[in-house]
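All of the numbers you see were taken from the coordinates with simple rules; none came from a lab. Source: prediction; values computed, not measured. Note that we place each Cβ from the backbone using ideal geometry, even for glycine, and neighbour counts take in every protein chain shown.
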Amino acid sequence: MSALRPVVLLAGRVHPRVRERAEVEFDAISIDAADAGLLNDETRSRIRGIAAATAISADFIDSLPNLEVIANFGVGYDSVDAAHAATRKVMVTNTPDVLSDEVADTTVGLLLNTLRELPKAEAYLRAGRWAAEGAYPLTSLTLRGRTIGIFGLGRIGLAIARRLEAFGLPIHYHTRTERSDVAYPWHASLIELASVVDTLIVIVPGGAATEKAVNSDILGALGPQGVLISVGRGSTIDEPALIAALADRTIAAAGLDVFAHEPNVPQALMDLPNVCLLPHVASASVSTRNGMADLVVDNLGAWLAGRPALTPVPECTGFDRSGT
Ligand code: NAP
Ligand code: 8YV
């Protein structure tokens, strides 16, 4: 271990490639959770960077007097208090772009699985029911004839839109700011979007601005043929309202990759027949996760060597390397 290498904290269950590279390129220290009580004063004062695979609070940031950079594993960084880090001139980075196509592909797969019940049909075959009972029942839902609404037309939302456009489907969207580079109809509010589509794909960031944005009013507006696909953050969905809407068929079905209290999924959701559930796997291929891991370590290496961060989050884009 070289005394010249910057000390970097590996916080949470970091990806193996982050660990392997960090142990070569930095003086790496690991902890399971970002809890200042797990580190003594001397260690805390040595830490200059964090590779974050867990929540990083304002208190934890304040417990590290010489912290310079937090590199989050994931494009969504709602678990890192980036606004507070910015007040301390601590750089925060995330992992945009390298996962957009993978997440968009998975979203289309989840949508098709939800509508056409493909996981259930496979389970039917594997249980020997095709031979014993005959063909799997026809699905009441189809992608054909649907109108897609995308809540969040950012990097991933646009990749989803391009794919579904190729499926021959009309696309509408809601964001706070209308995009000037797409021809899809923009809706100024989520309720307006939900009123004109029957398929709502949620791919906004988590956090206070989107907390429980998909509530009983939005689900009611989506209507009885409505399908909700959620791949952004579980916090954006009012989960009890969704369970009620699925149970009484206010909407037809839902496909969810993210949940309010991961990895815990409400039993009431699991008991419903008209929902397709994935354990937050939208970016979870070896190649995509390796790309994310490399971006985490490359961001740490760049910033700690005095170079600009590769992918700063918006709260920190104004920093130059001198911390101004
Ligand atoms: P992005 O490029 O920043 O796009 C975010 C989009 O959401 C933008 O169009 C933004 O437009 C819109 N938006 C943000 N806040 C909004 C609000 N309050 N109301 C309406 N629209 C809002 O981010 P991205 O790379 O596409 O990633 C999006 C999110 O997907 C991540 O933050 C993460 O939580 C999630 N994600 C999940 C997985 C998974 O494994 N399931 C994987 C990757 C990402 P405006 O700013 O104009 O409103
Ligand atoms: C990851 C994600 O699953 O990038 C994101 O925001 O939600 C996913 O790619 C997560 O960040 C790490 O497990």
Estimated D of region 178-237 in µm² per second, where Rh is the Kirkwood radius over Cα pairs and Stokes-Einstein applies at 4 °C, 1.567 mPa s: 107
Sorted by Cβ density within 10 Å, fewest first, the residues ILE191, ILE50: ILE191, ILE50
Calculated from backbone phi, Karplus (6.51, -1.76, 1.60) coupling profile of region 166-177 in Hz, x at Gly/Pro: 5, 7, x, 10, x, 10, 10, 8, 10, 9, 6, 10
Given charges at beta-carbon only (K, R positive; D, E negative), |dipole| of region 219-324 in Debye: 220
Region 1-160 - Rg and Dmax from Cα coordinates, angstrom: 22.7, 69
Likely footprinting exposure, MET91, MET270, fewest C-beta neighbours within 10 Å first: MET270, MET91
Order of HIS187, HIS261, HIS280 under a 10 Å beta carbon neighbour criterion, fewest first: HIS261, HIS280, HIS187
Shape category assigned to region 1-89 from the gyration tensor of Cα positions, a/c cut at 1.5: oblate
Charge dipole magnitude, Cβ of K and R +1, D and E -1 - region 139-283, Cα centre, debye nearest 20: 400
Spin-label pair GLN267/TYR136, simplified geometry with 7 Å Cα→Cβ offset, distance in nm: 2.8
Simple Cβ-charge dipole of region 1-152, Lys/Arg +1 and Asp/Glu -1, about Cα centre, in debye nearest 20: 480
Extension gain from ARG162 to ALA284, taking 0.36 nm per residue of separation minus the Cα-Cα distance: 41.8 nm
Cα-based radius of gyration of the chain once divided by 2.2 N^0.38 Å, which approximates compact folds: 1.10
Those residues of region 240-260 whose amide nitrogen sits under 19 Å from the label point placed on ARG116, 7 Å along Cα→Cβ: 253-256
Chain lengthening between ALA83 and ALA208 when straightened (0.36 nm per residue, less Cα-Cα): 43.8 nm
GNM result for the chain, Cα springs below 10 Å: residue of THR288, THR199, THR114 fluctuating most strongly: THR288
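When the helix-only estimate is applied to the chain (DSSP H runs of n ≥ 4, each -39,500 (n - 2.57), divided by the residue count), what is the mean residue ellipticity at 222 nm, nearest 500 deg cm²/dmol? Let's see the in-between values first.
Values: 13 runs with 116 residues, N = 324.
Value at 222 nm, helices only: -10000 deg cm²/dmol.
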Rounded tilt (10° steps) of 286-304 against the dominant C-alpha axis of the chain: 30
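For the chain, give the share of DSSP beta bridges that are antiparallel, in percent and rounded to the nearest 5; count only bridges with both residues there.
On the way: 2 of 42 bridges.
Beta bridges within the chain, antiparallel portion: roughly 5 percent.
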Residue among GLN267, VAL313, LEU112 farthest towards the positive dipole end of the chain, charges placed on Cβ: LEU112
